[in-house]
Amino acid sequence: MTAANALKTAAPTSTFDVERYRADFPILANVHPHGKPLIYLDNGASSQMPQQVIDRLVRYQTHEHANIHRGVHTLSETATRAYEHARKQVQHFLNAKEDREIVFTSNVTDSINLVAHGFGRAFVGEGDEVIITHLEHHANIVPWQMLCEEKGAKLKVVPIDDSGALILEAYEKLFSPRTKLVSVTHVSNALGTINPVKEMIEIAHRHGVPIMIDGAQAVQHMPVDVQALDCDFYAFTGHKVFGPTGIGVLYGKAEWLNKMKPFRGGGDMILSVTFEKTTYNAIPFKFEAGTPPIAQAIALGEAVEYVQRIGLDRIAAHEHDLLTYATERLQAIDGVRIYGTAQQKAAVVSFYVNDVHPHDVGTLLNEEGVAVRTGHHCAQPVMQRFGIPATARASFAFYNKFEEVDALAAAIRKVQKLFA
Ligand code: ALA
């Protein structure tokens, strides 16, 4: 029996009509430069935009563009209405209590830096502590390191086990009376681990500590309800949830946003300015200095409605099937090692093919039309934990299909033959 025949299951038969949704994404019909159909498995880095979102961008640029919050003319009012409507769409997407709890930023990195500055400068002092985890993307490490360095505070890190799951008992032990904030990723970008954030939030609150969740790799895969979670901050980025680049979101409980210092100074974040004193605008505008990414915010509103129309529960179920199938197919290939085997995982498979460097694997997969990310995935501590410099990573979206997993497996076998 060959390894391929040893698969426990064939591709699941699913009621999720993937072809219907793929038809919304013009880029997926593109032929890859190497003459192969494009098999896009790099959604963790950036997902694709459906025609509905592209059309919304074009409609805005063609008929509605002007600066917002600044004009009495019709176009400015139209653009302002559309931008503030997008804020409400995001509010509903996250089930935030109020639209003023939604701050538009430029990406998750920007959202985390906003909290590191706005919260950190106000509430973290010498000898205080901030807790993060070993699974974080650099965006959820470096801003806290910078803050701790500036303030003389300490960064504490929740360890992970060999499957890439957080060790929860160790998390609880890290709290002390000096702990001021926890910041944790919802889903690991490098390994796919889904963290038990609900439990982590409860533990943090038991210690009287606010907690921020980095949802960059979560909101496109599963329903997120910030009121049910009861997190204090939640961040995500537009271009990973089928929207454009240049737009991100910070959800913050109004009580915290009100207490925080502004991150950037400039136009629109003020009520009045004299050379002696500036008074700041109300939230969320206090945090949106300068002309914001108006078109991108409006398109993001369309993107989050688009995924809600499909249904995040249905997306999660389809992607779970994809993950199970991909894991089995890759595990059936001798020489392929999967990193990240936690019980709770999003549809991300990080792997090594024999001892071929992941960059070579990625380059050769590309020749087969298969796009994956290779490298440390901006999560070098995760790589260090496993003693490797990099992995190849296939990251799926709801528009991926089982045949694409087969194509990935076939392309990996070709790589192995080249190095045999
Ligand atoms: N953070 C993105 C990734 O995981 C870029 O690929």
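The values are calculated or read from the model by the stated rules, or taken from the named source; none is laboratory data. What you are looking at is a predicted structure, and each value in this text was computed from that prediction instead of being measured. Cβ coordinates were reconstructed from backbone atoms using ideal geometry, including for glycine residues, and neighbour counts include every protein chain displayed. With ligands, DNA and RNA removed, areas are computed over all heavy atoms of the protein, side chains included. Shrake-Rupley method; radii C 1.70, N 1.55, O 1.52, S 1.80 Å.
Residue-wise HN-Hα couplings along segment 98-103, as the Karplus relation 6.51 cos²θ - 1.76 cosθ + 1.60 with θ = phi - 60° gives them from phi, are 9, 6, 6, 8, 9, 10 Hz; Gly and Pro carry x.
Principal axis analysis of the Cα atoms in segment 162-292 yields extents of 56, 40, 24 Å, listed in decreasing size.
Rounded to the nearest 10 degrees, the angle from helix 74-94 to the longest Cα principal axis of the chain is 60 degrees.
Here the spin labels are modelled as points 7 Å beyond Cα on the Cα-Cβ line, and at D334 and D355 they lie 1.7 nm apart.
Applying 1/(1 + (r/R0)^6) with r as the Cβ-Cβ distance of V31 and T279 and R0 = 41 angstrom yields a FRET efficiency of 0.10. Heavy atoms of the protein chains alone define the surface here; on that basis the chain has 41 Å² accessible area per residue at 1.4 Å probe size. In this rough spin-label picture, where each label sits 7 Å from Cα along the Cβ direction, the R20-T324 distance is 2.2 nm.
Note on D313/A410: beta-carbon distance plugged into 1/(1 + (r/R0)^6) with R0 of 41 Å gives a FRET efficiency of 0.85. Within a straight-line Cα-Cα reach of under 18 Å, K286 can be paired with the following lysines, leaving aside sequence neighbours fewer than 8 residues apart in one chain: K88, K253, K259, K261, K277. Of all beta bridges that DSSP places with both ends in the chain, some 60 percent have antiparallel geometry. Residue ranges 409-418, 218-227, 140-149 sort as 218-227, 140-149, 409-418 when ordered by packing (mean number of other C-beta atoms within 10 Å per residue, highest first). Here the calculated FRET efficiency for E98 and R59, from their Cβ-Cβ distance with R0 = 30 Å, stands at 0.60, rounded to the nearest 0.05. Restricting to bridges with both residues inside segment 144-242, how much of the DSSP beta-bridge set is antiparallel, in percent to the nearest 5? Bridges in segment 144-242 are about 20 percent antiparallel.
Considered as an equivalent ellipsoid built on the Cα gyration tensor, segment 53-309 has semi-axes of 32, 23, 14 Å, the largest given first. Using a probe of 1.4 angstrom, how much of the accessible area of segment 1-156 is carbon and sulfur, in percent? Carbon-and-sulfur percentage of accessible area, whole number: 54. For segment 16-92, the fraction of C-alpha pairs more than 22 angstrom apart is 46%. Counting 0.36 nm for each residue step from H205 to K154 and taking away their Cα separation leaves a gain of 16.4 nm.
Taking packing as the residue-averaged number of other Cβ atoms within 10 angstrom, the listed peptides 30-40, 234-244 run from highest to lowest as 234-244, 30-40. Please find, in a Gaussian network model of the chain (springs between Cα atoms separated by less than 10 Å), the residue of T291, T327, T341 whose mean-square fluctuation is greatest. Judging by the Gaussian network model, the answer is T291. Subtracting the Cα-Cα distance of A10 and F123 from 0.36 nm times their residue separation leaves 35.3 nm of extension gain.
Accessible surface of segment 255-325, 1.4 Å probe: 54 percent of it comes from carbon and sulfur atoms.
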